[in-house]
């Protein structure tokens with residue numbers, strides 16, 4: 001399988017794994033839902049999981065890949081406030097947990113760029 005075919009599938013697998021984690025262990029995700037969002041944090045946790053599964057499915061299908069990749073980039077930007085909240089809430093935790101929380105912040109940049117790259121690749125393949 002060419003690298004250009006693997007990249008969208010790897011991104012889809014990442015999203016599907018994250019969606020599964022949101023359902024399997026929702027409490028940890030509830031804790032980082034920004035307080036400014038209306039409703040219960042669990043609703044946002046599950047909605048995020050559903051979005052991740054939908055994006056993964058869209059990335060896996062060549063016909064919907066470009067739109068799903070662009071939506072994935074937007075999704076990664078949209079969840080950034082939760083990562084900021086996690087970093088702020090975990091600033092007094094042990095060093096390993098604090099490093100993980102702060103490490104998530106710059107990780108969003110390559111994820112957004114990866115999703116955009118998949119969108120560009122899908123545009124060439126169409």
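What follows draws every value from the coordinates through simple rules; no lab data is involved. It should be emphasised that the depicted structure is a prediction, and the values quoted were computed from it without experimental measurement. Backbone-built Cβ (ideal geometry, glycine too); neighbour counts: all protein chains shown.
Once the Cα atoms are used to define both axes, helix 65-78 deviates from the longest principal axis of the chain by about 20 degrees. For the chain, the relative contact order is 27 percent, taking Cα pairs closer than 8 Å that sit 6 or more residues apart in sequence and dividing their mean separation by the residue count. The residue 98 and residue 77 beta-carbon pair, evaluated with R₀ = 22 Å, returns a calculated FRET efficiency of approximately 0.40.
Stretching residue 84 away from residue 107 to a fully extended chain increases their span by 7.1 nm, per 0.36 nm per residue minus the current alpha-carbon distance. For an R0 of 35 angstrom, estimate the FRET efficiency from the Cβ-Cβ distance between residue 36 and residue 7 and round to the nearest 0.05. According to the calculation, E is roughly 0.55. Among 21, 51, 99, which one shows the biggest mean-square fluctuation in a GNM of the chain, springs joining Cα atoms closer than 10 Å? In the Gaussian network model the winner is 99.
In this rough spin-label picture, where each label sits 7 Å from Cα along the Cβ direction, the residue 91-residue 63 distance is 5.0 nm.
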